[in-house]
1. Out of residues 5 or more away from Leu120 or on other chains, whose amide H comes under 5 Å of its own, with H placed 1.01 Å from N in the peptide plane?
2. Computed FRET efficiency, Cβ-Cβ of Ala68 and Arg143, R0 30 Å: what is it to the nearest 0.05?
3. Could you calculate the contour length gain from Asn99 to Gln220, that is, 0.36 nm times the residue separation minus the distance between their Cα atoms, to one decimal place in nm?
4. If you average over every viewing direction, what projected area does the convex hull of the Cα atoms of region 125-174 give, in nm²?
5. Please state the charge dipole magnitude for the chain, taken about the Cα centre, from unit charges on C-beta atoms (+1 on K and R, -1 on D and E), reported in debye and rounded to the nearest 20.
6. Just to confirm a number: summing +1 for Lys and Arg and -1 for Asp and Glu over residues other than His21 whose beta-carbon lies under 14 angstrom from that of His21, what do you get?
7. Test of the criteria: in region 115-148, which trypsin sites (Lys or Arg not before Pro) are in a DSSP loop and have at most 15 other Cβ atoms within 10 angstrom of their Cβ?
8. What is the percent of Cα-Cα separations in region 44-198 that go past 20 Å?
Amino acid sequence: MDLSGIIEIATATHPGMVRSHNEDSIAADAAAGLAVLADGMGGYNAGEVASGIAVAMISAELKKALAARGEDFDIAAAERLVGEHAVRANNAIYQASQNQAQYAGMGTTLVVALLHDNTLVVGHIGDSRLYRFREGRLEQVTRDHSLLQEQIDSGLITREQARHSQNKNLVTRAVGIDPDVEAEVHSHPVLPGDIYLLCSDGLNDMVTDEDMELTLGSLQANLPLAAEQLVQQANDNGGRDNVSVILVRVLKGFPARAGLVDRLKSWFR
């Protein structure tokens, strides 16, 4: 199903005010209902390579798989596709890091959003996030795979203490670091008017959820400006990391048409 005219996407990325180059990678395709964001890590340029491999592989191969299936797939199949292609990206990055000394230890975080049949399928690894802005309220949808999140969950620190912690960049799961990794994949019902925000931690480390909510609330009519303003806020607050943003607005419902199998079943009911 072509989602052009049904969803609107705006993107923005910047190296920040401290780093000399940008190790984030992003890709988005409104027609496919797909957005992918990765935040690389590793030695000189290796993080950029890892995030680039993840985003290029996942966006290209997912679009190919979706085109081959048409609309004859359900949400469970969409979840499997997201998980499987995250694993393939992990294998490619891990093998490159093992075979080329300059890429040793490289890896990347990942967040993937796929819209199908009035549903958002989100898969993530690491601490890149997806938020939902609905009816004026911003809510974090993904849960970080990080040491800080584990400390919050165990009650060792509060969320406010976590904002000022020195351990912000310690992820407990990443793409390409180990031979095996599993993406956390969930599905969420979508409503017209929803705005979904995918971001690297360069945004949420520099800008509070409350300020992100205010920005989306005031600039939601101009999605490209909202994306640029979020990045600018991160830089104005210090820009200590690369910062990337993908905004996805749902303009109207997009139920999948019944596939061939479903139509055949309906004839015999």
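1. Those lying under 5 Å, H to H, from Leu120 are His188, Val190.
2. Once rounded, the FRET efficiency stands at 0.40.
3. Taking 0.36 nm per residue and subtracting the Cα distance, the gain is 39.0 nm.
4. Answer in nm², one decimal: 3.8.
5. In debye, rounded to 20, the chain gives about 640.
6. -4
7. Arg143
8. For region 44-198, the fraction of Cα-Cα distances above 20 Å is 55 percent.
All of the numbers you see were taken from the coordinates with simple rules; none came from a lab. Quantities reported herein were computed from a predicted structural model and do not represent experimental measurements. Cβ sites come from the backbone with ideal geometry, for glycine too, and all protein chains shown count toward neighbours.
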